[in-house]
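Quick one: this structure, given as structure tokens, is what I'll be asking you about.
The values are calculated or read from the model by the stated rules, or taken from the named source; none is laboratory data. All values reported here derive from a predicted model rather than from experimental measurement. When the accessible area is computed, the model is the full protein with side chains, heavy atoms only, and any ligands, DNA or RNA have been set aside. Shrake-Rupley method; radii C 1.70, N 1.55, O 1.52, S 1.80 Å.
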Amino acid sequence: MGLASLGASDEDIEKLSTLYWFTLEFGLCKQNGALKAYGAGLLSSYGELVYALSNEPECRPFEPEETCVQPYQDQTYQPVYFVSESFADAKVKMRMFSAKIDRPFSVRYDPFTCSVEVLDRPERIRNTLSQMKADLRVLHGALERLA
């Protein structure tokens, strides 16, 4: 979510903040047909965890465009929780939502250096593409040797 917020408008930051609340803090997802909690706020509060997994609160499908405008409670248990079809599904939907955020530049996370690159100039983009091509050649060569 931090990467998605770089260069975003205040309105989009507010939406991301709400999505953070309903996913990383109070997220629910299905696993093998069973409802599971993955949000840290749920996992650290036995009472709310039991409540969230009961039939008492309203559970809606996780759709970021709808979730991001849902008011939330920070003083009592949530009246509404959002349920993803799976943890992987939640990640895909969040990435798709984040890709639509209008910003003046693009960003890329480099997993090798654990750093964020701001892609705001053609030279930087060309350098990044060149490095990716080289990485793909190495991976392709490794795959060929195994075949």
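I'd like the Karplus ³J(HN,Hα) series for the range 47-58: coefficients 6.51, -1.76, 1.60, θ = phi - 60°, whole numbers in Hz, and an x wherever there's a Gly or Pro.
x, 6, 4, 4, 4, 4, 8, 8, 8, 6, x, 7
Looking at the chain as a GNM with Cα springs under 10 Å, which of Ala90, Ala52, Ala99 has the largest mean-square fluctuation?
Ala99
Quick one: how many Å² of Lys91 are accessible to a 1.4 Å probe, rounded to 10?
Counting only protein heavy atoms, Lys91 exposes about 100 Å² to solvent.
Say we join alpha carbon atoms closer than 10 Å with springs in a Gaussian network model of the chain; which of Ser45, Ser106, Ser84 then has the biggest fluctuation?
Ser45
Which one, Tyr72, Tyr109, Tyr81, has the greatest fluctuation when you compute a Gaussian network model over the chain with C-alpha springs under 10 angstrom?
Tyr109
Between rounded, prolate and oblate, where does the range 31-147 land on the alpha carbon gyration tensor, with a ≥ b ≥ c its root eigenvalues, rounded for a/c under 1.5, else prolate if a/b exceeds b/c? Show your work: numbers first, answer last.
Working: a/c = 3.13, a/b = 1.94, b/c = 1.62.
It comes out prolate by the Cα gyration axes.
Amide H neighbours of Ile101 under 5 Å, at least 5 residues apart or on other chains, H built in the peptide plane: list them.
Here nothing satisfies the definition.
Report, to the nearest whole %, how much of the accessible area of the range 33-147 belongs to carbon and sulfur atoms, 1.4 Å probe, protein only.
Answer for the range 33-147 is 57 percent, counting heavy atoms of protein chains only.
Between Arg137 and Leu3, what is 0.36 nm times their sequence separation minus the Cα-Cα distance? Round to one decimal in nm. Please list the in-between numbers first.
Numbers: separation 134, 0.36 × 134 = 48.24 nm, distance 2.73 nm.
Net length gain for the segment: 45.5 nm.
Something else about it: Using the Karplus curve 6.51 cos²θ - 1.76 cosθ + 1.60 with θ = phi - 60°, what ³J(HN,Hα) values do you get for each residue of the range 3-8, in whole Hz, with x for Gly and Pro?
4, 5, 7, 5, x, 7
Probe 1.4 Å, all protein chains in place: accessible area of Arg103 in Å², nearest 10?
50 Å²
Express in Å², to the nearest 10, the accessible area of Leu143 obtained by rolling a 1.4 Å probe over the protein heavy atoms while all chains stay in place.
About 110 Å², ignoring ligands and nucleic acids.
How big is the gap, in Å, between the Cα center of the range 1-28 and the Cα center of the range 81-147?
Cα centroid of the range 1-28 versus Cα centroid of the range 81-147: 19 Å apart.
Could you list which residues have their amide H under 5 Å from that of Ser84, counting only those 5 or more apart in sequence or on another chain, with H placed in the peptide plane?
Amide H neighbours of Ser84: Leu28, Cys29, Lys30, Phe62.
Taking only protein heavy atoms into account and a 1.4 Å probe, give the accessible area per residue of the range 43-147 in Å². Mind showing how you got there, number by number?
On the way: 7750 Å² over 105 residues.
Result: 74 Å² per residue.
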